[in-house]
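**Student:** Handing you this structure, nothing more for now.
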Amino acid sequence: MTRTVNQELTALSGNEAVAYAFKQARPHVASAFPITPQTEMMHKFADFVANGESSAEMILVESEHSAMSAAVGSAASGARTITATSSAGFALMWEIVYIAASLRLPIQMALVNRALSGNINIHCDHSDSMGGRDAGWIHHFCENAQEAYDAGLINFRIGEHMDVRLPAMVNYDGFIISHKEDALYMLDDEAAYDFVGPYKHKYTLLDPANPVTVGPLDLTDYYFEHKYSQLEAYPRVFDVAQEVFDEYADLTGRRYGFYEEYKLDDADLVMVILGSSAGTAKDVVDEYREKGVKIGLLKLRMFRPFPADQLKSVLSGRQAIAVLDRSASFGGWGGPVFTEIRSALYGTADQAPLHNWIYGLGGRDFELGHAAEVIDALQKIASGGEVPTLNLLGCRA
Amino acid sequence: MALSLKEMVKHEDLLTGGHRACAGCTGANILRQIMLTAGPNTVMGGATGCMEVVTTIYPYTAWKNSFIHSAFENVAATISGAETAYRSLQKHGELPQAAADAERMNFIAFGGDGGTYDIGIQALSGAMERGHRMVYVCYDNGAYMNTGIQRSSATPFGAHTSTAPAGSVKQGKEQDRKDLTEILVAHNIPYVAQTTPFHWKDLATKVEKALSCGGPAFLNILMPCTVGWGFPMERGMQIAKEAVETNFWPLFEVEDGVYKINKKPKERKPIADWMKEQARFRHVFKPGNESMLEHAQQWVDQQWDLLLKRETMTNM
Amino acid sequence: MAAPMVEIRWHARGGQGAKTAAMFVAQAVLAKGKYGQGFPEYGPERRGAPMRGFTRIADEPIRRHCGVENPAIVIVLDPTLLDSPAAGVTAGTDGDTVFLVNTSLPPAEIREKLGVPGAKVYTVDATQIALDSFGKPIPNMPMTGALLAATPIMELGEMKEAMQKKFSEKFSQAVVDGNLRAVEKAFNEVVSE
Amino acid sequence: MSLKRAQELPDAGIITEAGNAVDFKTGDWRTYVPQFHEENCIHCMFCWIYCPDSAIDVDTSGDKPQMKGILLDHCKGCGICATECPPAAKGKAALVMVREEK
């Protein structure tokens, strides 16, 4: 059933859009520490609190480590809890990022993607998110402010679902999305909250009638079993997320999935990419389509849990596949998206050659020409030409 | 406030037996005493350390009230999150019934000197400055006992530890202790105090004052460690008593910036009396190390004089 | 058929409001049912340093997120930037690029200064207009008025309405009125030859 | 205690049975055990307040609490109770540490 909701086209930066989504979910507690380019998200959220548009209590901590720690304390106390960070801030949180997931606390975080030092760089790449990819959070990547806003709302529903109970992050590219004024549709506050729904906790520190011990010493006899039950939660994310995506599509007309297929049906050549660069690449795909090149694009939206089974079928039967990574795995064999996809496709009968391009580190612009360069290489691979498996894109080397 | 043992004994023991602390652990007793005063409407947070470990070995918990541990350096931040959640849920009318009915919910964070003086000081300082209604309790046993008696910034001068051992060239810890209590006083929070488990009445009074001061409070509680300090396991409370009698660990409190020394020994015992009971100071008494003992005494005297001056100054 | 996307590059010094203007225009065009993107180029530079902002306007949702390489319109908020090689005012431009410069000089002189023979050049003394209208030498809003003369992305009235909406929350009506006057004045006074 | 399977456990390693450590017996850690000499006891409750293991059995039903003895399930035999027993100072100890025969 399609419901009609007020949706007005408006222009906001990605940070503002996510602040709206977070506000509309009516969190009880927000904890944060400033770091570029996340900062303006919390500025906007703090404005909401200062103006009475949000009744959240803010914890303005002295570090990101404490931001995540306070979020853990808050969420374990049965409060809907949000936070946000970028880059080094995420790295400083890292220890507690694992704990939040292990304790099954559905904290919501905006991770405004920025390169990790050193040298220090404030611009976008995905090394922060990718560094924490095994910590147990849901990683939702966004192409633009619209997707960041939508994912900001959707993540509450997925993460807080009783079958899931996992923290979730909305990833959007630092500056490129976070600071760009962009057109998007938003739900009105009421419709957004109706969609997200009230927070339900599974246990809380704040019930003296039912006291709990959270985070005990867990040794060789039980730790593994607890990890088992955590591992069990991730496949369930797909079912829950699909339901939520469908409901959101009914509500807004915007349909999401674990990935987006762009001109992929008959594509021989495929570019796999995530984040804002996907939009830029689509313009180039169109240009090549006009020239008759059967190129398509797969934009990965959910990197954790990784939709391996789904990708296996959608990427089969192609002639050549390019995987673009906006982060490097130092000493590893290819970027994290590449190794993940290659591993997912291993053993499929008609697996196309997979090549990796590392691009955009430290905010290096992903230009239209870079996408063209990749498509040219794919054509070469498909016609039997030699192209290295691992490549850098847009680097003077 | 129940200040007689006759009354206190009627309170429920919220830290049960069956925890895995060492025989003679004064730390477990400190937590037990705190909970006798705090009562069941308490959210307790523990920093990684001996007391967190021994009270919550899965699938057992010695806590009858709610307890959370997440990491080593962050207990102050974690409990500040719980306290904020409480305020928010209360404001929104969404507290569980038992919490809504409670006259007061208490928020207590505890850590050893490792988790407090050292790795946890940033989160502690932040939480105190933000003004959460919470009590931070440091059980100070003067070394990282949980990981094997490594030196901390709370380790007294001269003490042998596994990372600052007494050897043929070096003679234990070469620095004096950090004065954490004073650092907390500098946060201008409503209540800061030092006590020991031997002084049960003093401890209970201070816990209640800390819980009811309406803002952040800090308690530094000396915790003689039979293993780390090297004294017989039945002697823990006596060692705590003598720490006060020698002025190594004065009992005092600072209420809204005003100092009050709760016990002024009539005759000040030499620090050597206290040190010689503990194996960690054994080498200090060897010939040739006389100057160490002298320094230890000087330091205690100097600290005590400073405390007296602070008391005078803030009561003028 | 949809009109081609318009890409605008703004040149200014930090503090002159190019970021605000670039983002404002992107927002204002929504009223016309168009899509806009507005973004500054972020760097460590602070007040006074040359900086650039970008605006994209299109009839369809804008997907690309790369920098603007070949602007259709270059707007210069500070005439001293014309002489600054670091500012790169003519970078990526071609014969079709339109220049809109805040200056008291006539277009012909600016064209010569820029070394862009044949290019369409508009000039307006936006700083003076700003001083006259609201007493501060902030040329960004007058330049958005002048922009409408250089490219018909929307009507002047529509822009004024958008401006009223955007700035009335943050600023007093007197300040907003001053800016509205400046926008109108710049729109009327901008010259191309 | 037999070890449970993953599916039988609450999520996230949460312990929902508050205070269940009481089921864990630490009494067998002892070498010495406090022997209670009731005739010397003044029921001052010092042993109770100082015990690290909540192992002093007290009857609080009456007007004045009565020391009843040692809870041997948890007593680790540290001897703090005997050390802090005030009558001991007068040579009439209510608690005396003795070697435990097991």
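The values are calculated or read from the model by the stated rules, or taken from the named source; none is laboratory data. Only a predicted model underlies this, so the values are computations on that prediction, with no experimental measurement involved. Here the Cβ positions follow ideal geometry from the backbone for every residue, glycine too, while neighbour counts run over all protein chains shown. Only protein heavy atoms, including side chains, enter the accessible area calculation; ligands, DNA and RNA are left aside. Shrake-Rupley method; radii C 1.70, N 1.55, O 1.52, S 1.80 Å.
**Student:** In debye, nearest 20, what is the charge dipole magnitude of the protein assembly as shown about its Cα centre with +1 on Lys and Arg Cβ and -1 on Asp and Glu Cβ, if you could check? Mind dumping the intermediate values first?
**Tutor:** Numbers: 96 positive and 122 negative charges, 437 e Å.
In total the dipole reaches around 2100 debye.
**Student:** Rank B:Trp304, B:Trp299 by accessible area, highest first, at a 1.4 Å probe radius?
**Tutor:** Final ranking, largest accessible area leading: B:Trp299, B:Trp304.
**Student:** With a/c under 1.5 counting as rounded, go ahead and sort the protein assembly as shown into rounded, prolate or oblate using the C-alpha gyration tensor (a ≥ b ≥ c being the square roots of the eigenvalues; past the cut-off, prolate if a/b is larger than b/c, else oblate).
**Tutor:** prolate
**Student:** Right, here's the next one. Under 1.5 on a/c is rounded, so check that first for the stretch A:259-393, then, if it is not, pick prolate when a/b is larger than b/c and oblate when it is not; a ≥ b ≥ c are the square roots of the alpha carbon gyration tensor eigenvalues.
**Tutor:** Judged from the Cα gyration tensor, the stretch A:259-393 comes out rounded (a/c under 1.5).
**Student:** Could I ask something else about it? From the Cα gyration tensor of the stretch A:314-380, with a ≥ b ≥ c the square roots of its eigenvalues, which class applies: rounded if a/c is under 1.5, or else prolate if a/b is larger than b/c, or else oblate?
**Tutor:** Judged from the Cα gyration tensor, the stretch A:314-380 comes out oblate (a/c at least 1.5, b/c at or above a/b).
**Student:** So which residue, out of C:Phe39, C:Phe54, C:Phe171, gets the largest mean-square fluctuation from a GNM of chain C using Cα contacts under 10 Å as springs?
**Tutor:** C:Phe171
**Student:** How far is helix A:336-345 tilted, in degrees, relative to the longest principal axis of the Cα atoms in chain A, given as a value from 0 to 90 rounded to the nearest 10?
**Tutor:** Helix A:336-345 sits roughly 70 degrees off the main axis of chain A.
**Student:** How many Cβ atoms of partner chains, on average, are near each residue of B:33-41 if near means within 10 Å of its Cβ? Working shown, then result.
**Tutor:** Working: counts 3, 0, 0, 1, 0, 0, 1, 4, 3.
Rounded to a whole number, the mean comes out at 1.
**Student:** Projected onto the charge dipole of the protein assembly as shown (+1 at Lys/Arg Cβ, -1 at Asp/Glu Cβ, origin at the Cα centre), which of B:Gln238, D:Ala6, A:Gln379 gives the Cα projection farthest towards the positive end?
**Tutor:** Positive-most Cα among the choices belongs to B:Gln238.
**Student:** Using a 10 Å cut-off around each Cβ of peptide B:99-110, what is the average number of partner chain Cβ atoms that fall inside?
**Tutor:** Details: counts 8, 2, 2, 3, 0, 0, 4, 0, 4, 0, 1, 0.
Counting Cβ atoms of other protein chains within 10 Å of each residue's Cβ and averaging gives 2.
**Student:** Count neighbours as other Cβ atoms within 10 Å of each site's Cβ, and list the GluC sites (Glu not before Pro) in the stretch D:35-102 that are DSSP loop with at most 11 such neighbours.
**Tutor:** D:Glu101
**Student:** Just to confirm a number: summing +1 for Lys and Arg and -1 for Asp and Glu over residues other than A:Ala233 whose beta-carbon lies under 10 angstrom from that of A:Ala233, what do you get?
**Tutor:** Details: positive: A:Arg104, A:Arg165, A:Arg236; negative: A:Asp163, A:Glu232, D:Asp11.
Combined, the nearby Lys, Arg, Asp and Glu give 0.
**Student:** Quick check: pseudo-label points 7 Å beyond the Cα along Cα→Cβ at A:Ala349 and C:Gln173, how many nm apart are they?
**Tutor:** Those two pseudo-labels are separated by 7.5 nm.
**Student:** Right, something else. With all protein chains present, calculate the accessible area of B:Tyr58 using a 1.4 Å probe and round the result to the nearest 10 Å².
**Tutor:** Roll a 1.4 Å probe over it and B:Tyr58 shows about 10 Å².
**Student:** In what sequence, highest mean first, do D:45-53, B:287-295, C:154-162, A:184-192 appear when ranked by Cβ atoms within 10 angstrom?
**Tutor:** Top to bottom by mean Cβ count within 10 Å: D:45-53, A:184-192, C:154-162, B:287-295.
**Student:** Can you pick out the pairs among B:Lys173/B:Lys309; A:Lys44/C:Lys19; C:Lys34/C:Lys165; B:Lys201/B:Lys264; C:Lys32/C:Lys185 whose Cα atoms lie more than 20 Å from each other? Provide the component values of the computation, followed by the final result.
**Tutor:** Details: B:Lys173/B:Lys309 28 Å; A:Lys44/C:Lys19 18 Å; C:Lys34/C:Lys165 17 Å; B:Lys201/B:Lys264 16 Å; C:Lys32/C:Lys185 22 Å.
Result: B:Lys173/B:Lys309; C:Lys32/C:Lys185 exceed 20 Å.
**Student:** Also, quick follow-up: Work through the residues other than C:Thr20 whose Cβ is under 11 Å from its Cβ and net out their charges, Lys, Arg +1 and Asp, Glu -1.
**Tutor:** Neighbour charge sum, excluding C:Thr20 itself: +2.
**Student:** DSSP loop trypsin sites (Lys or Arg not before Pro) in the stretch A:1-66 with at most 15 other Cβ atoms within 10 Å of their Cβ, which ones? Before the final figure, lay out each step's value.
**Tutor:** On the way: sites: A:Arg3, A:Lys23, A:Lys44; in loops: A:Arg3.
Passing both the DSSP loop test and the Cβ count: A:Arg3.
**Student:** Given the -39500 (n - 2.57) contribution per DSSP H run of 4+ residues, what per-residue ellipticity at 222 nm results for the protein assembly as shown, rounded to the nearest 500 deg cm²/dmol?
**Tutor:** -10500 deg cm²/dmol
**Student:** Using a cut-off of 13 Å between beta-carbons, work out the net charge of the residues near D:Asp73 (Lys and Arg +1, Asp and Glu -1, D:Asp73 not included).
**Tutor:** With Lys, Arg at +1 and Asp, Glu at -1, the net is -1.
**Student:** Under a 1.4 Å probe, what is the accessible area of the stretch B:5-314 per residue, stated in Å²?
**Tutor:** 34
**Student:** Loop-only trypsin sites (Lys or Arg not before Pro) in the stretch C:21-71, please: DSSP not H, G, I, E or B, and at most 16 other Cβ atoms within 10 Å.
**Tutor:** Loop-located and lightly packed - C:Arg46, C:Arg47.
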